[in-house]
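Every number in this text was worked out from the coordinates using simple rules, so none of it is lab data. Please read all numbers here as calculations on a predicted model, not as lab measurements.
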Amino acid sequence: MDTSEGRADQLRSALDAFRNEDLSEQPDARLEEDFAELQRVVEIAERERLRRLAEIERRGIFGRDGHLSAASWLATSFRVAWGAAKDQVRTARGLDDMPETRKALDAGEVSLSAAKVLVQAREVDPDAFAKSEPELVEAARGHQVGDLQRVATHWRNAVERDRADGGEDRLRAMRRLNASRTFAGMIRVDGDLDPETGEALLTSLRAVMDAEARAGARAQPGEHGQDVCTPAQRRADALGEICRQWLDRSDRPRIGGERPHVTVTIGMEALRDLRSSSELDHAGPVGPEIAKRLACDASIVRVVMAGPSEPLDVGRRTPVISPAQRRAVVARDCHCRFPGCDRPAPWCDAHHVVHWADGGPTALGNLILLCRRHHRILHERHGFRLDMGDGRPVFRRPDGSVLGDRAPPLAG
Ligand SMILES: [Zn+2]
Ligand SMILES: [Zn+2]
């Protein structure tokens, strides 16, 4: 049984003993013991996998099928997520040059999670790491991963300080931000921010998310169609809010005589005929629902199409709602008018009760302030409806019943 197939069989049949067990029958102690053993086995298996990955990269085996990197080979051949594949290659490659770490890992004295912290530390300055490796491995032996992370950060800071050219400049030189279109108009953002910019970003995101959470806590759940978001989704929303509020500021610089704003390019028939397409300047084509919502309160370029892809006449870029009209709506409504919501005007769009594409006028009587969330809820197919009855907005639940109305804060 020396062939690789034979060895794989041995490995698998050793695990079969575990796989066939009925866990509900097992005593606690046995369950814990087995867990500990499997944890050890997983660590050893992963370590051996990474050792082979490093060797595969060194020999360039991945190139045989035309892959340009070991990460791409790993991602494609084993359906590993791209980010995870890059991470694993990075760890495998790093460990290759970390003899002390490898020794401790093989002896089971440090976990792979700890080793990954050290791999990342090494990337800052491989030479300095080689000198400090014994002490850092010692720290990995004695600390939990969270504490080790702090030790590694201190070490990195010390290394940065020691640098002749000054750590701060180096960190700043590493700053970068990429934003690129991926699929269906999604934009992928990734990058590294210097500590100062990063702090500003995190502080702003936190501030927006806190404000959102406070506003959300006042609105009653369910009735107002709030969706439950993950933290990552909330951060994405917060970033969008920060960008939109900046775009809305009237004191920011003009470029080429105008202030760039979110612009929807729309075929004249697009909003009525849901099959024709609309486009955002940067994100590209968007579906009719999004187009209709954005077109409620954005800059619009109307395009008359001669054929499916042949523009006949491209109109000027015009804001749907003039700054004066917006001021009037804000003065009247002050905040989101959805019952129970009081997100202030800077967080709001001016919504056409009857969309202009359906013949609704862009006039005070047909405009109402809605925060981004409630604007989305009204436009998308959540079933919530809004009508104007005698100049007062009437919001209805999907079942047709009326949501508690509220007079505007200021008369008129
Ligand atoms: Zn709208
Ligand atoms: Zn609202």
What lysines could a cross-link reach from K103, if we take a straight Cα to Cα line under 23 Å and drop same-chain neighbours fewer than 8 places away? K116, K131
Find the percent of Cα-Cα distances in segment 49-151 that exceed 16 Å, and round it to a whole number. 57
